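Here's the structure we're looking at; comments come further down.
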Amino acid sequence: MLHANILLEEVFGLPNIKSAKKRVLLAEARNAQNRVQKSAMKTAIKKFEAAAEEGNRTEAEGAYKVAVKKVDMAASKGLIHKNNAAHKKSAMTLKLNKIG
């Protein structure tokens, strides 16, 4: 996470108030972290989809566990709605169960 004390002088074109500068820097840091977590979730889901398409049950099960964990983490952090997470997990479970 960025240290606001060090970077306060580096914020340009923003309010001159110290607390406002700090809020901008913290928001940027959180935004970057959220972007990383969301892309990790999407990557995990894509890996599961690829394994499921191949029909490789053992690989799909491993990818399923990782993907479900990433989806749950995204829901707990507020990146996606809990119902969206439940929908994604349900769809992945159905695909996993169809693999023979």
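If you fit an axis through the alpha-carbon atoms of helix 82-98 and take the longest principal axis of the Cα set of the chain, what angle between them do you get, 0 to 90°, nearest 10?
30
Can you give me the accessible area per residue for the chain, using a 1.4 Å probe, in Å²?
Counting only protein heavy atoms, the per-residue value for the chain is 71 Å².
Would you mind calculating the gained length between V66 and N34 on full extension (0.36 nm times residue separation, minus the Cα-Cα distance), in nm to one decimal?
Extending this stretch completely gives an extra 9.7 nm.
List, in order, the whole-Hz ³J(HN,Hα) value for each residue of the stretch 24-33 obtained from phi through the Karplus relation with A = 6.51, B = -1.76, C = 1.60 and θ = phi - 60°; use x for Gly and Pro.
Going residue by residue, I get 5, 5, 5, 4, 5, 5, 5, 4, 5, 5 Hz, with x marking Gly and Pro.
Determine how many Å³ per residue the convex hull of the Cα atoms of the chain encloses.
Taking the convex hull of the Cα positions in the chain, it is 109 Å³ per residue.
Report in % the part of the accessible area of the chain that belongs to carbon and sulfur, leaving out ligands and nucleic acids; probe 1.4 Å.
Within the chain, the accessible surface is 55 percent carbon and sulfur.
The values are calculated or read from the model by the stated rules, or taken from the named source; none is laboratory data. Keep in mind it's a predicted model, so treat the numbers as computed, not measured. Surface areas here come from the heavy atoms of the whole protein model, side chains and all, with no ligands, DNA or RNA. Shrake-Rupley method; radii C 1.70, N 1.55, O 1.52, S 1.80 Å.
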